Amino acid sequence: MARPDRRVNLAVARTIPPFLLCVCVYACYIVTKPLCIDYLIRPLPKYSRGSRVGAGIAILVIFYVLIFVVIITYLRLLYNITRNPGFLPRSSPPTKEQQETEPSERPQRRKRKHRRTRTAEKPDKADIDIERGADGNADGGAIPLDITGLESFYTKDVFVCQEDGRPLYCSTCCRYKPDRAHHCREVDRCVLKMDHFCPWVGGVVSETSFKFFIQFVFYTLIFCVFSLIICATFTAEILQDTGGANVHLAIGIGLSSLFGLFSFGMTISSLQLAMWNLSTIENLNRRSAVWTLAIRVPDRMLARLNPESRWAPTFRTITYPLPPVPLSPEAARDYQPPEKQHVFAILQTLPGENPFDLGSPFKNLQQVLGYSIIDWFLPLRQSPCADRTTGDSFYELGPVVSRLKKEAGLNPPPEPQPTTQNDTERKHKRRRSSHRQSQE
Ligand SMILES: [Zn+2]
């Protein structure tokens, strides 16, 4: 499906928030004046009905509480989208030498061209050149070998990489992209765990705002269902009494049905994505996506990587830090790698596997909504997945990565179990009884 033009998206994004505000003001008017005041609390003579003050006040209270919650979640969402959108800073373009030099230590990329599979990072044909940068150039043209900014990747235990072991590169922003980051055409920046560009909220929904987006569409759904029920009920009553309908209430039915259907679809699809631990972009090719991961080889297993070792690894490796570029043949000969090296195995998932799926929908939901019921329903705290304080990987990883490690033999050998007090007592008892038996 063709994606709408960038300028159209931006124009719609600027128009829709004020339009939504007008709809809210009009909805307040419908429920307050024509429905509650003119029909329930102080009925106009044309309705020939008695006053129902209790019902009118109850409807007003529930309606304003619900619209207040919708507005609060919308403002929270807007705040994060404008003040904390998860954009990544741009870098300066690599120098000409960096683009043209390819050190001999790097894996042979061109030989493996025929093995290239569809990867999780290529959701949309139009984005391929941007996402993969010059690396996606079929003619093997300029390859950026910028090594700046790699430290934040190789100091982790696992990160998403290209087939040569380097992280994914954005040639527009001239930087390596953390796991799950995606280049957004509308804002022309890489965005952390970008979900989609949403014209309804006028910006990019990403890891910092996805939780508030779910809460907003969920509360909008409840608000629309309530509005639809009251508008439909009293329209039916008025029709029965007078034979005609109130125009404002009829428009209320139309608006609440329209926004209700829309928010229902968005709530279901967003919750489903959160339960699968996927973003909208990752979901586009979730059945065929193959993730290439760089998984750290534990230091104590490095000796086994020696080609003369009896343990023959079945995977390719990459060693960080990469040598500086450009590196002439003489300089390459004299190059002394730093003492502290980080060796990574380059492993691939099976098509359709998601390394970020934690194995249960509930655990995946917790990554977005939070760990307590308050977090789930109140738009206060950030999603746990946006927390950057844990250091092993950019996002929590699930059973797929554990399996890859196990298959590649990268799991550390089990620690010997410390002897517990019970074990010692049992041993003593056994020894005492055998000693008694031998005395008898
Ligand atoms: Zn970018």
Quiz item: So who's got an amide H within less than 5 Å of the one on residue 316, skipping anything under 5 residues away but keeping other chains? H placed 1.01 Å off N, in plane.
Solution: 346
Quiz prompt | When each of 33/211; 177/211; 211/406 is checked by Cα-Cα distance, pairs over 30 Å | solution = 33/211; 211/406
Quiz item: Taking the simple approach of a point 7 Å from Cα along Cα-to-Cβ for both residue 371 and residue 8, what is their distance in nm?
Solution: 4.5 nm
Exercise. Please work out the FRET efficiency for the pair residue 306 and residue 387, using the Cβ-Cβ distance as r and a Förster radius of 30 Å; give the result to the nearest 0.05.
Key: 0.20
Quiz item: What is the local net charge at residue 383, summed over the other residues whose Cβ is closer than 11 Å to its Cβ (Lys, Arg +1; Asp, Glu -1)?
Solution: 0
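A short reminder: the numbers here are calculations on the coordinates, not readings from a lab. Because the structure is predicted, anything quoted here is derived from the model rather than measured. All Cβ positions, glycine included, derive from the backbone under ideal geometry; neighbour counts span all protein chains shown.
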